Amino acid sequence: MIPRYSRPAMSAVWDEAERLRLWLEVELLAVEGWVAIGRIPGSDAAALRSNARLDRDRVMELEARTGHDLASFVEAVAETAGPAGRWLHFGLTSNDVVDTALCVQLTRSTDLLIAGVDAVLDALAPQAARFADVPEIGRTHGVHAEPVSFGLKLARWHAELRRGRQRLQAARSEVAVGKISGPVGTYAGCDPRVESFVCERLGLQPADGATQVVPRDRHAAWTCTLAVVGGSLDYIATEIRGLQRTEIREVEEPFRSGQKGSSSMPHKRNPEKCERISGLARLLRGHAATALQNQPLWHERDISHSSVERIILPDAALALDYMLDLCRGIVADLHVYPEAMEANIERTRGLWASGQVLLALIGAGLGREEAYRLVQRHAMAAWQEPAGPSFRARLESDPTLTRILPPGDLAGCFDLGHQLRHVPGILDRLGLTSRA
């Protein structure tokens, strides 16, 4: 991921120097695991821990000759370790080190992502409470439907991201595994106790059913989870983008002092942060599709997945980390315009109440189809004659309808408070308060 969309903590997890440091730690822990079962002298392990050094330039110099990054790494470290260096990589194969270190990076990345989700949730919760009583027209197919509460909309985002947090926790468990089992996963040159030793100290579990590699269904599930969480952020961003359109303008993403929305039109206030989130969500979906293609490897291992993962795994983590922070800032300082919401509710002059009138007529004894035709006739007339009588006025002037519905019952159909009476209960059910 390019620096423009990378944050320091996540970048540090995927830094090349950190990757090599983790490789060295896995190698040293494996030697100490051999010591623990009595196979290697403890003094040699201590010497390795004290003397082994990393020289990235030397690793790259050797790789130019060997064409193998891990083998070059082992050779370069052994050169610094003295006689005890012979125990480096003892009984291991490359992916014992590479995959185990990678899973450490994945778990650390996921911890940062979970913290990022928590930050968005913390921003959403008070906003949902703040706007719980603010009515907004609901839209289906982009067309006015019935009123909702803007706070309820935020609460639904909160609920979806809570599910995303649970998915991230499950994905973390999927990749919190290590593998120290040799060239084809049979422990022929190693010992399962060494694997247990290394994994325990790295906070991992031994991977079940590993071949020469940790099976890639785990990595696919992890990447797909990031794409789903990114999709939730895209859902939020897309809604804000839609509501920020000039003819709606019920909300706006933050626009700081000195910011420019256009190089040529000084009036512009564009939802560019939300558009950034939507764009990066597409990247995550692409990475998820690629990760799924990494699952079927030849026999006990090929490396068709390796080059791909060097790009998509850090990219996915960095992108989602950035998106979460961007979304947090948008939500925390979202510009909300209740007056515009009220004006938009009134734009159709009461048409939003058609469903309530239909229910009231049915409840008063009229057949459903007859009631539907009666209400739709007046609704269509109100749509087609915007300068004519309002929907409510048309209903009130219809003697057929007023014989069935008393004036008070008809008026109640246009009561916004009645329409949103269950919103506090919904928020409570979602674990959010309905009051700031």
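Since every read-out is calculated from the coordinates, none of them should be taken as a lab result. Note that the coordinates shown come from a computational prediction; the quantities given were computed from them, not determined experimentally. Neighbour counts are summed over all protein chains in view; Cβ atoms, including those assigned to glycine, are modelled from backbone coordinates with ideal geometry.
For the reader, a short list of remarks on this structure follows.
- Normalised contact order of segment 351-413, rounded percent, pairs of Cα under 8 Å and 6 or more residues apart: 42
- Here's how it looks for ALA145: its modeled amide H is under 5 Å from those of GLY138, ARG139, THR140, which are all 5 or more places away or on a different chain.
- The ratio of the alpha-carbon radius of gyration of the chain to the globular-protein estimate 2.2 N^0.38 Å is 1.37.
- The alpha-carbon of LYS268 sits under 29 angstrom from the alpha-carbons of these lysines, leaving out residues fewer than 8 places away in its chain: LYS153, LYS260.
- Here the sum of -39500 (n - 2.57) over DSSP H runs of 4 or more residues, divided by the residues of the chain, equals -20500 deg cm²/dmol at 222 nm, to the nearest 500.
- Spacing of the two label points (7 Å from each Cα toward its C-beta) at GLU16 and ARG56, in nm: 0.6
- Computed from Cα atoms, the angle from the helix 192-202 axis to the main principal axis of the chain rounds to 50 degrees.
- Selection from LEU92, ILE180, GLN166, by position along the positive dipole direction of the chain (Cβ): GLN166
- With Cα atoms, 0 to 90° folded angle of helix 150-175 axis to the chain main axis: 20
- Estimated D of segment 77-159 in µm² per second, where Rh is the Kirkwood radius over Cα pairs and Stokes-Einstein applies at 10 °C, 1.306 mPa s: 90
- On Cα atoms only, tilt of 306-332 relative to the major axis of the chain in degrees: 40
- Sorted largest first, extent of segment 5-77 alpha carbons per principal axis (Å): 48, 32, 17
- Placing +1 on the Cβ of every Lys and Arg and -1 on the Cβ of every Asp and Glu, with nothing else charged, gives segment 364-420 a dipole about its Cα centre of roughly 100 debye.
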